[in-house]
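Peer 1: Take this structure first; my questions come after.
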Amino acid sequence: MSNQLLAQKKGIIFGALDNQSIAWKTAEAVAEAGGSFVLTNAPVALRMGTISELAEKTNSQVISADATNVKELNALVDQSQEILGGKLDFVLHSIGMSVNVRKGKHYTELNYDWLTKGWDISAVSFHKLLQTLYHKNSMAPWGSIVALSYIAAQRTFPNYNDMAENKAYLESIARSFGYFFGKNKKVRVNTISQSPTLTTAGKGVAGLDGFLNYAEKMSPLGNATAEECANYTVSLFSDLTRKVTLQNLYHDGGFSNVGVSQEIIDSLEDNK
Ligand SMILES: NC(=O)c1ccc[n+]([C@@H]2O[C@H](COP(=O)([O-])OP(=O)(O)OC[C@H]3O[C@@H](n4cnc5c(N)ncnc54)[C@H](O)[C@@H]3O)[C@@H](O)[C@H]2O)c1
């Protein structure tokens, strides 16, 4: 049964590509909790994905915007405020892409043009979005902005490639811009560090199945699913978490604090 935690709240959700996307599940959970929103994605994703299905289901409009293009972000924010009728209470940045990962370039042989493009999409776009919202004064007091991250920002995961640096940069932007958003606008900015999840972006990482199994065995509560991430995001958009800001919040079944689990020890001993 719905809790209506987000009744009367309005926002923008970036990054719903298909029904596996974390942003898709979040849009469903936000709608269920009574929130209304505009959905947005890059023009190419709107052509390839199935977002209109989600828009219909959640009674929301879709606006195309490349998150690296400040002009398009400006237009998106203006139009969203017009459609929703006022300032925004929540924004989800659920965007990630590495050209080096996509094209199978090894970390020791990175193409720097591709690196720059992936960095712009995955990390700098968050600064561009925050700066747009800040200068337009588009966020309502006690609003909440969330971006999605991964623990490769802190620890080494060989196949995560240049996305590791992108996530470290993203998390740093949340802290740096979050300071000014908190001080001057009373708005929260946080990142959620999510378990590995089977989505289009997730599948781009080589060996994802092994990754998922390892994380599952290491996490006392098991991997967090996309639906569970969506519910956690609803709590961060709600008024119940008004003093949580500048945080990178692990949503990973406990993975981040485990040195080794008994399952992993047993599996290594079995193979002796
Ligand atoms: N899947 C995982 O294992 C996992 C784990 C932790 C964090 N995350 C993060 O979660 C977020 C969402 O990824 P997902 O797993 O749901 O995959 P996804 O592929 O469904 O979502 C990624 C989204 O980024 C969008 N995007 C790419 N370039 C864009 C641009 N220029 N402008 C606007 N949007 C653009 C894509 O169209 C897509 O909708 C990403 O930040 C990802 O890094 C994913």
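Peer 1: Scan the stretch 224-241 and give yes if some residue there is out of contact with any Leu (no Cβ under 8 Å at 6 or more places or on another chain), away from the ligand (no atom under 13 Å from the Cβ), over 21 Å from Asn159 (Cα atoms) and in a loop (DSSP other than H, G, I, E, B), otherwise no.
Peer 2: no
Peer 1: Shifting gears a bit: Would you point out which residue out of Val44, Val30 is assigned to a helix (DSSP H, G or I) and either free of Cβ contacts under 8 Å to residues at least 12 places away in the same chain or closer than 13 Å to Leu129 by Cα (or both)? First the steps, then the outcome.
Peer 2: Values: Val30 fails: either free of Cβ contacts under 8 Å to residues at least 12 places away in the same chain or closer than 13 Å to Leu129 by Cα (or both).
Only one candidate passes the filter, namely Val44.
Peer 1: Could you grab the pairs with beta carbons closer than 9 Å, sequence gap of 6+ or different chains, first residue in the stretch 246-257 and at positive phi, second one among the polar types (S, T, N, Q)?
Peer 2: Leu246/Ser176; Leu246/Asn190; Gly253/Ser195; Gly253/Ser219; Gly253/Asn223; Gly254/Ser219
Peer 1: Of the residues Ala65, Ala31, which is closer than 25 Å to Thr225 by Cα, among the hydrophobic types (A, V, I, L, M, F, W, C) and out of contact with any Cys (no Cβ under 6 Å at 6 or more places or on another chain)?
Peer 2: Matching residue, one of Ala65, Ala31: Ala31.
Peer 1: If Ala45 meets every condition in (1) over 18 Å from the mean Cα position of the chain (by Cα); (2) modelled with pLDDT under 95 apart from one, which number is that one?
Peer 2: (1)
Peer 1: So, restricting to helices (runs of 4 or more DSSP H) that lie completely within the stretch 50-163, which ones have at least 1 residues that are among the aliphatic types (A, V, I, L, M), loosely packed, with under 15 Cβ neighbours inside 10 Å and touching a residue at least 40 places away in the same chain (Cβ under 8 Å)? I'd like the intermediate steps shown before the answer.
Peer 2: Numbers: elements: 51-58, 70-84, 99-102, 112-119, 125-135.
In the stretch 50-163, the matching helices (runs of 4 or more DSSP H) lie at 70-84.
Peer 1: Next up: Out of the stretch 105-123, which residues are under 14 Å from Asn69 (Cα atoms) and either more than 16 Å from the ligand (Cβ to nearest atom) or touching a Leu at 6+ places or on another chain (Cβ under 9 Å) (or both)? Let's see the steps before the verdict.
Peer 2: Filtering the stretch 105-123 for residues under 14 Å from Asn69 (Cα atoms) gives 117-123.
Ser122, Ala123 - these are the residues of the stretch 105-123 that are under 14 Å from Asn69 (Cα atoms) and either more than 16 Å from the ligand (Cβ to nearest atom) or touching a Leu at 6+ places or on another chain (Cβ under 9 Å) (or both).
Peer 1: Considering each of Gly202, Gly210 in turn, give the residue that is modelled with pLDDT under 95, assigned to a helix (DSSP H, G or I) and in contact with a helix residue (DSSP H, G or I) (Cβ under 7 Å, 6 or more places away or on another chain). Steps first, answer last, please.
Peer 2: Values: Gly210 fails: in contact with a helix residue (DSSP H, G or I) (Cβ under 7 Å, 6 or more places away or on another chain).
Of Gly202, Gly210, the one residue that is modelled with pLDDT under 95, assigned to a helix (DSSP H, G or I) and in contact with a helix residue (DSSP H, G or I) (Cβ under 7 Å, 6 or more places away or on another chain) is Gly202.
Peer 1: Looking at the stretch 10-28, is at least one residue within 13 Å of the ligand (Cβ to nearest atom), among the aromatic types (Phe, Trp, Tyr) and under 21 Å from Ser138 (Cα atoms)?
Peer 2: The answer is yes, given that some residue of the stretch 10-28 is within 13 Å of the ligand (Cβ to nearest atom), among the aromatic types (Phe, Trp, Tyr) and under 21 Å from Ser138 (Cα atoms).
Peer 1: Just checking, how many residues over the stretch 59-99 are in contact with a Gly (Cβ under 9 Å, 6 or more places away or on another chain) and away from the ligand (no atom under 14 Å from the Cβ)? First the steps, then the outcome.
Peer 2: Of the stretch 59-99, the ones in contact with a Gly (Cβ under 9 Å, 6 or more places away or on another chain) are 67, 80, 84, 87-99.
Add one more test, that the residue is away from the ligand (no atom under 14 Å from the Cβ), and what stays is 80, 84, 87-90.
Residues flagged as in contact with a Gly (Cβ under 9 Å, 6 or more places away or on another chain) and away from the ligand (no atom under 14 Å from the Cβ) within the stretch 59-99 amount to 6.
Peer 1: Going by the structure shown, is Ala215 outside any loop (DSSP other than H, G, I, E, B) and on the phi < 0 side of the Ramachandran plot? If you could, list the steps in order and put the result at the bottom.
Peer 2: Numbers: outside any loop (DSSP other than H, G, I, E, B): yes; on the phi < 0 side of the Ramachandran plot: yes.
Criteria met by Ala215.
Peer 1: I've got another one for you. Among the numbered criteria (1) within 16 Å of the ligand (Cβ to nearest atom); (2) loosely packed, with under 14 Cβ neighbours inside 10 Å; (3) in contact (Cβ under 8 Å) with a residue 12 or more places away in the chain, which single criterion is violated by Lys203?
Peer 2: Condition not satisfied by Lys203: (3).
The values are calculated or read from the model by the stated rules, or taken from the named source; none is laboratory data. The model shown is predicted, which means the values in this text are computed figures rather than measured ones. Positions of Cβ are generated from backbone atoms using ideal geometry, with glycine treated the same way; all protein chains shown enter the neighbour counts.
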